[in-house]
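Below: one structure, written as structure tokens.
Just so it is clear, none of the values below were taken in a lab; they were calculated from the coordinates. In this text, all values refer to a predicted model and were calculated from it rather than measured experimentally. Glycine gets a Cβ as well: all are built from the backbone with ideal geometry, and neighbour counts include every protein chain shown.
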Amino acid sequence: MNILYIDHYAGTPVLGMEYRPYYLARQWVREGHRVRIVSASFAHTRIRQPRTQDMIDRQGFDGIEYIFLKTPVYKRNGWMRIFNILSFVAQLYLRRKEILNGFKPDMVIASSAYPFDMGPAQMIAKEAGANLVYEVTELWPDSPRQIWGLDAHHPFMRLCAWGQRKACMAADQVVSVLPGAEHYLAQYGLKPNKFHHIPNGVDPEEWNEERDSAGIDALVQAVIDRMKREGRMIVGYAGGHGETNALEVLVEAAGFTRDLKIGFVCIGDGPYRPVLTDYAEELGVADFTVFCGPLAKRQVPRFLKQMDVLYMGAKHLDVYKYGVSFSKIYDYMMAAKPIVLAVDAGNDLLAEADCGITVKSGDPKDVAAAFERLLMLKPADRALYGVEAKTHVLIHNTYPVLARQFLEAVLTKG
């Protein structure tokens, strides 16, 4: 089967996020399918951008055919990002023949977070007689409206709502990482028998012992080693340092645990990292709350395995009532560590796996109390959380499992 996967932000382990299209596509290629991913030449989610020579550039990675469409650069959310989006969608329309050169898709997947790529995807699917799948990873227009602080009547939000309605009506099947997305999309015309929940997951190959043996950045390792010598329970975080990650809650929680033997090590990057470092200094917790910067993706499993507890939080958004599927939580589970998750969502990822403590309030005092509760446990009891976590993710959330579930779902007519 030939699969055309359209995702504005699709990346690779070398380029950075988004990883889901790559992992699904690689598994489908291994199963004998041919997959072509169409992505933008610039996306803010990536660590680095692909080197492109022309307006349309073809590259290969792990048996997957990538096509990058030239799009403008932007620094933050705003009009330049909107221009970047519209540029990508316009080229999907204008360069259809070039995109499909030597390739007749049996399935077209549109998965760019926003719904606008469903227009050209529908046109391509109709011309090819292909099955059209709409993959929903964010709930537009509400997700960007709440994150960007725009009014519901903003012209772009109205355009998003129109696009969402058109997308839901055009799709043969809808897949979402969010378990409750069906209820959100119903208001935009989604029929119940079209919806399938396929969550995010992990690539088990990235967790083998040979990859671990190379170690991690020496400065990061030095911070970890120091905290171990001090007898601290080390809480780790790996991911973005942006507004929606709400890492100020972790810094404030550190302030409430200053008299306990707990240390905090964060890896990753983002616009808020300098601010968070300064905030830790201001609260007097910088000695045991360290923001180390980014690590290469191949080093992240080694980092996570050295932690005693893993943490994730998120800014409160009303759309979380439809559920969440944070990729890093599945990485945390694979590391076999207890987890503290500070988010109020319609689903509870940790309760499903019995692998940690969910702090729905997101309050720093409550987060600190969760850390103290884990500190009071014997190491063997904390390890039991980790065993449950890894067992759960291996059964339910590896990409070989998810890739098979995806195709089985969308190829079974409701």
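Among T358, T45, T71, the largest mean-square fluctuation in a Gaussian network model of the chain (Cα springs under 10 Å) belongs to T45. Comparing Cα centroids, segment 307-336 and segment 96-119 end up 30 angstrom apart. Modelled spin-label separation between Y93 and R404, with each label point placed 7 Å from Cα along the Cα-to-Cβ direction: 4.2 nm. Once C-alpha pairs closer than 8 Å and six or more residues apart are averaged by separation and normalised to the residue number of the chain, the relative contact order reads 13 percent. Legend: calculated FRET efficiency, N101 to E243, from the Cβ-Cβ distance at R0 = 30 Å, rounded to 0.05, equals 0.15. Here's the list of aspartates and glutamates a cross-link from K104 could span, going by alpha-carbon distance under 14 Å and ignoring same-chain residues fewer than 8 apart: E65, E127. Relative to the current alpha-carbon distance between D363 and A152, full extension at 0.36 nm per residue lengthens the span by 73.2 nm.
Couplings for segment 287-303, taken from phi via the Karplus curve 6.51 cos²θ - 1.76 cosθ + 1.60 with θ = phi - 60°, read 5, 10, 10, 10, 9, 8, x, x, 10, 4, 4, 5, 8, 4, x, 5, 4 Hz in order; Gly and Pro are left as x. Each 5 Å bin from zero up to the one holding the largest Cα-Cα distance in segment 172-301 carries the following percent of pairs: 2, 9, 15, 14, 14, 11, 10, 9, 7, 5, 2, 0.
Look at the alpha carbon pairs under 8 Å that are at least 6 residues apart: their mean separation over the length of segment 173-275 gives a relative contact order of 24 percent. With an a/c value under 1.5 for the gyration tensor axes a ≥ b ≥ c computed over the alpha-carbon atoms, segment 205-396 is described as rounded. Cα extents for the chain along the principal axes, largest to smallest and rounded to whole angstrom: 65, 49, 43.
Sequence-distant contacts, meaning Cα pairs under 8 Å at least 6 residues apart, place the relative contact order of segment 214-335 at 34 percent.
Name the most mobile residue of L86, L219, L310, meaning the one with the largest mean-square fluctuation, in a Gaussian network model of the chain with Cα contacts below 10 Å. In this elastic network of the chain, the residue with the biggest mean-square fluctuation among L86, L219, L310 is L219. Segment 345-414 and segment 130-160 have Cα centres spaced 27 Å apart.
Highest GNM mean-square fluctuation among V249, V174, V367, for the chain modelled with Cα contacts below 10 Å: V249. With R₀ set to 22 Å, the beta-carbon distance separating T391 from N208 gives a calculated FRET efficiency near 0.80.
Using the Cβ-Cβ distance between R373 and K75 with R0 set to 41 Å, the FRET efficiency from 1/(1 + (r/R0)^6) comes to roughly 0.50.
Using a ≥ b ≥ c from the Cα gyration tensor of segment 146-207 (square roots of the eigenvalues), is it rounded, prolate or oblate, where a/c under 1.5 gives rounded and otherwise the larger of a/b and b/c decides, a/b for prolate? Oblate.
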